[in-house]
Amino acid sequence: MIMKAFFSVFFVFFLVPGIYAFSNRDELVTAATARCYAQVPVKDGKSVLEEETHSSSSARQLETNDQGGVLHYELESSTTGFIPRSEVVASVNSALSGGDNFEVEFYVLSKNGKQKSLVVRDLTRNDMQLMKESDNLSGPFSVKNAFVKDEPDVLYDVECPAAGLLQSTGKHTKHRHTHRKDTSKCRVKQLDTTGNELVNCLQEESYLSNDMIPPSCLDEVYDVNLISLQAGVHFFLNAVRKDTDAENQDGCPSNVGIDSLRGIKKKAVVYKNDLKNLSQHMLGSASLGSILKAEEDAEPISESMYDRTKATCAHYAQQIWRSLDFAETNDLAEFIISNLARNGNIDDLKKIRFEYGQGGIRALAALTLGGKEALLRFVHHVVYSELEIEV
């Protein structure tokens, strides 16, 4: 059907641009900001977390105050970053003496990837744990807490090295050399409330392989949802475990996010807080083993732009849900159309006329001659042409 070619072309320009845009956590969840769990091997048939060790000699839970400080946070990723050691020391000392007025400042890139905007968040030191080797904080120390007031379900672990430049000497076969470690910054990472590390969903550390899933989980039933991100348009599948009462008891993942990007396939356990505000459509239920087999058999989206005009993230998801024999319905079609209309960037359409040939020209003509309403009618016909909906 001729409309199928238009579907591929139309989806490609909408689904690709918004994927890498960084945005403020308070506003939108995108692929660049979505958080997943760092994965660990399976031991004795169960997924286990690595225990953190501390060489500290004391821990203290802090109360309340009325002094404080400003921390300048440098983003490394959506889940990690750095704060000047001197500012952490000053804030900890303030907290120890009763201070209670703290905030963190950091810059994020705007949607166009060029402008920076300042973000300021209020912090709390209530229930903060301090692990230290020396009373004056000259040695290594760490502080851990749900510091950000508007995100109480996320723990921030701030690890600070000993003060000063540490030197260590290594030896090659022909010469000696000295390694110098910059100790002027403290590293920050995010954890959930039970201490599991969070990483950006695009990082390799989040990738969930089949051998990380206990075999006993394969018969568990999961609901499969098609989910749309909030910036640009990008669809992915998320399988959510039905038996929520057994979560965190038998090592089975609470959910499995399934996606394909840059020529590779990936699975990850998505942080629940980043799923709750996303638009989603329930496709059906299946055993986790069946879902993993369907994902294994699906062809990834090619890294080639030419091939991506034939297959997109929507097509990748479709391979999997069809393999699981989930019905394609009017509700599914309307879900896809509404998210294209809500999140699609019309300006990007104007850039694809020469890049994507006839499909781009037809879509641009619809926009030029009839405005956004005509374009949405075009999208409506394209989406329905790609689905097999029983009347």
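The values are calculated or read from the model by the stated rules, or taken from the named source; none is laboratory data. These numbers were taken from a predicted model, which means no experiment stands behind them. Quick reminder, even Gly has a Cβ in these numbers, built from the backbone with ideal geometry, and neighbours come from all protein chains shown.
No other residue among Ser86, Ser78, Ser110 is more than 19 Å from the chain's Cα centre (by Cα) and either surrounded by fewer than 16 Cβ atoms within 10 Å (Cβ to Cβ) or at pLDDT below 90 (or both) apart from Ser86.
Of all residues in region 328-348, those that are surrounded by 14 or more Cβ atoms within 10 Å (Cβ to Cβ), modelled with pLDDT of 90 or more and of a type outside the set (Asp, Glu) total 4. For region 126-134, the criterion of being buried (at least 16 other Cβ atoms within 10 Å of the Cβ), closer than 23 Å to Leu202 by Cβ and either among the small types (Gly, Ala, Ser) or within 29 Å of the chain's Cα centre (by Cα) (or both) is met by none of the residues.
Being in the same structural domain as Cys313 (by TED's automatic domain parsing) and in contact with a strand residue (DSSP E or B) (Cβ under 6 Å, 6 or more places away or on another chain) is the requirement here; does Leu283 meet it? Spelling it out, Leu283 is indeed in the same structural domain as Cys313 (by TED's automatic domain parsing) and in contact with a strand residue (DSSP E or B) (Cβ under 6 Å, 6 or more places away or on another chain). Screening region 255-314 for strands (runs of 3 or more DSSP E) wholly inside it with 2 or more residues that are aliphatic (A, V, I, L, M), modelled with pLDDT of 85 or more and crowded, with 16+ Cβ neighbours inside 10 Å returns the ranges 255-261, 279-287.
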